[in-house]
Amino acid sequence: MDTALRDELFQVLAAKGAKLMGVGDLSGIVDGELTTGVSVAVPLPTHVVQDLQTAPTEEYYHLYHSLNAQLNKIVEAGAALLRERGYRAQANTTTAVQMDGNWRTPLPHKTVATRAGLGWIGKSCLLVTEAYGGAIRLSSLLTDTPLPAGTPIEESRCGSCEICVKSCPAHALTGALWQAGMPRETLFHREICKKTQLERMKQATGMDADLCGLCFAVCPYTKRYLR
């Protein structure tokens, strides 16, 4: 395992703005030879998250897309470095990977993140991290580089907390505790979630977008980040 190359990669990712980085072994999860996943995350500014506790905002809408663009550049830079070192690497950018009509991608960034040990899937059905709670945007890249992997997180650390469940205006969260491999439908109901997001965003901003953010804004781990 190439620890020195991992450290160099992390330096490149951090220079581009990544605040959380990790490597996960995706053997048995993805097909082919690109079975090393690199997960990166950038946090949302605290004032934006605080506003989301009341209602979605136009600022959040623009930030959502600008952070996605930043993440694209981060993973592209990481993939370029690994290719320069003679390995294969694929940046999972928003142009390379598209969600289908069911909000699914072939390999969710959240899966790479949990395999890399960055966090777990909360009752919100979003990644929760110790440092930033759920107030993050994620991306990832795949490679055949022999990088040392972190320790996967395979079960929820939410315990008995149900703040996001009780705060959800759509009542879309079931309150189930996540375990690796669990179907998404066990955690939340997508259709009512999307419908309510559209309604809240339209009412608050006049914009047609399925964004809300309340569930991660009220998470105790997120609030710890805000403090």
query = Which of (1) more than 14 Å from LEU141 (Cα to Cα); (2) more than 14 Å from the chain's Cα centre (by Cα); (3) open to solvent by 50 Å² or more (accessible area, probe 1.4 Å) is the odd one out, the single condition GLY17 does not satisfy?
reply = (3)
task = Output the qualifying pairs, or none if there are none: Cβ atoms under 8 angstrom, residues six or more apart or on different chains, first residue in the range 86-102 and closer than 11 Å to LEU141 by Cβ, second residue open to solvent by 60 Å² or more (accessible area, probe 1.4 Å) and at pLDDT 90 or above.
result = ARG88/GLU33; ALA89/ARG83; ALA91/GLU76; THR93/GLU76; ALA96/GLN90
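Tell me, yes or no, whether the range 147-167 has at least one residue that is part of a helix (DSSP H, G or I), among the polar types (S, T, N, Q) and touching an Asp or Glu at 6+ places or on another chain (Cβ under 8 Å). Before the answer, list the steps.
Within the range 147-167, the subset part of a helix (DSSP H, G or I) is 163-167.
Checking the rest, the ones that are also among the polar types (S, T, N, Q) come to 167.
Then keep just the ones that are touching an Asp or Glu at 6+ places or on another chain (Cβ under 8 Å); that gives none.
No, the range 147-167 has no match at all.
Results for (1) touching a strand residue (DSSP E or B) at 6+ places or on another chain (Cβ under 7 Å); (2) open to solvent by 50 Å² or more (accessible area, probe 1.4 Å); (3) without any contact (Cβ under 8 Å) to a residue 60 or more places away in the chain, shown as yes or no for each residue.
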{"residue": "VAL12", "(1), (2), (3)": "no, no, no"}
{"residue": "ASP31", "(1), (2), (3)": "no, yes, yes"}
{"residue": "HIS47", "(1), (2), (3)": "no, yes, yes"}
{"residue": "HIS65", "(1), (2), (3)": "no, yes, yes"}
{"residue": "ILE74", "(1), (2), (3)": "yes, no, no"}
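The values are calculated or read from the model by the stated rules, or taken from the named source; none is laboratory data. These numbers come from a predicted model, not from an experiment. Neighbour counts are summed over all protein chains in view; Cβ atoms, including those assigned to glycine, are modelled from backbone coordinates with ideal geometry. Note: areas computed on protein heavy atoms with side chains; ligands, DNA, RNA excluded. Shrake-Rupley method; radii C 1.70, N 1.55, O 1.52, S 1.80 Å.
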